[in-house]
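Everything on this sheet refers to the single structure shown next.
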Amino acid sequence: MLLEGSCHCGAVRFRVRSRHPYPFNLCYCSICRKTAGAGGFAINLGGEHDTLEVSGREHLRIYRARLREPGRAEAHESPAERHFCGLCGSHLWLWDPRWPELVHPLSAAIDTPLPVPPERTHLMLGSKASWVEPAIGPKDQQFAGYPKESIAEWHQRLGLVADA
Ligand SMILES: [Zn+2]
Ligand SMILES: [Zn+2]
């Protein structure tokens, strides 16, 4: 399906084709929480990077998270590029050069009505903030870290892959 998104101030607008548009994947990691997760988590969708069209590109700012791994003294920069509007700060999408054919729009930046997921995945619960009490539905899956199932595989398992 075609997803249309924008930042809050409207300076940046984008469109992208998605076969994996269900907002089911709630990530409670500190990066998602700090950059986009007012409720303690953020939700990324799956889109096809070669279909991404952007207006207001000159307003984009890119953030690469600084990561510190246990047992290693120095922080290193994540290759993932988190795109924001430089005027209003809305987090719009993530693009990772390790998977260049994909782009991950933030569900909160999408203006197109998204389908309601029949079940959700709660990931990185080991990193959630102490005040966050996840709303776990009866069919939901929970993971302390990352699940093995990708965004694409979740849609395939549930027969919910959309026409691009
Ligand atoms: Zn903006
Ligand atoms: Zn995260």
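A few notes on this one:
- For the stretch 85-164, the spread of Cα positions along each principal axis, largest first, Å: 37, 35, 29
- Nearest-20 debye value, the chain charge dipole, Cβ charges on Lys, Arg, Asp, Glu: 400
- Here's the picture: a label point sits 7 Å out from the Cα of GLU48 along the beta-carbon direction, and within the stretch 1-42 the residues with their amide nitrogen under 12 Å of it are 1-3, 16-20.
- Dipole of the chain, positive direction: furthest Cα of GLY40, LEU114, ALA75, with charges on the beta-carbon: ALA75
- Calculated FRET efficiency for the pair GLU133/ARG72, C-beta based, R₀ 35 Å, to 0.05: 0.65
- Coupling constants for the stretch 96-106 follow from the phi torsions by the Karplus curve (6.51 cos²θ - 1.76 cosθ + 1.60, θ = phi - 60°), and in residue order they are 10, x, 6, 10, x, 6, 9, 9, 10, x, 6 Hz; glycine and proline get x.
- Inter-centroid distance (Cα atoms) of the stretch 97-134 relative to the stretch 12-64, Å: 9
- Amide hydrogen proximity for ASN25: with H placed 1.01 Å from N in the peptide plane, the residues at 5 or more positions away or on another chain lying under 5 Å are ASN44, THR121.
- Length-normalised contact order of the stretch 79-164 in % [C-alpha pairs under 8 Å, at least 6 apart]: 17
- By average C-beta atoms within 10 angstrom, highest first, the peptides 132-141, 38-47: 38-47, 132-141
- The slack in the chain from GLU153 to LEU114, taken as 0.36 nm per residue of separation less the alpha-carbon distance, amounts to 12.2 nm.
- Averaging 1/r over each pair of different alpha-carbon atoms in the stretch 10-54 and inverting the result gives 11.8 Å, the Kirkwood hydrodynamic radius.
- Calculated diffusion of the stretch 1-114, Stokes-Einstein form, Kirkwood radius summed over Cα pairs, 37 °C and 0.692 mPa s, µm²/s: 227
- Label-to-label distance, nm, for residues given as TYR146 and SER30 (7 Å Cα→Cβ offset): 1.8
- Here's the picture: charge each Lys and Arg Cβ at +1 and each Asp and Glu Cβ at -1 in the chain, and of GLY159, TRP95, CYS27 the one pushed furthest to the positive end of that dipole is CYS27.
Read-outs: derived from the displayed coordinates by stated rules, not from any lab. On a predicted model such as this, the values are computed, not experimentally measured, just so you know. In this analysis, Cβ positions are derived from the backbone assuming ideal geometry, glycine residues included, and neighbour counts consider all displayed protein chains.
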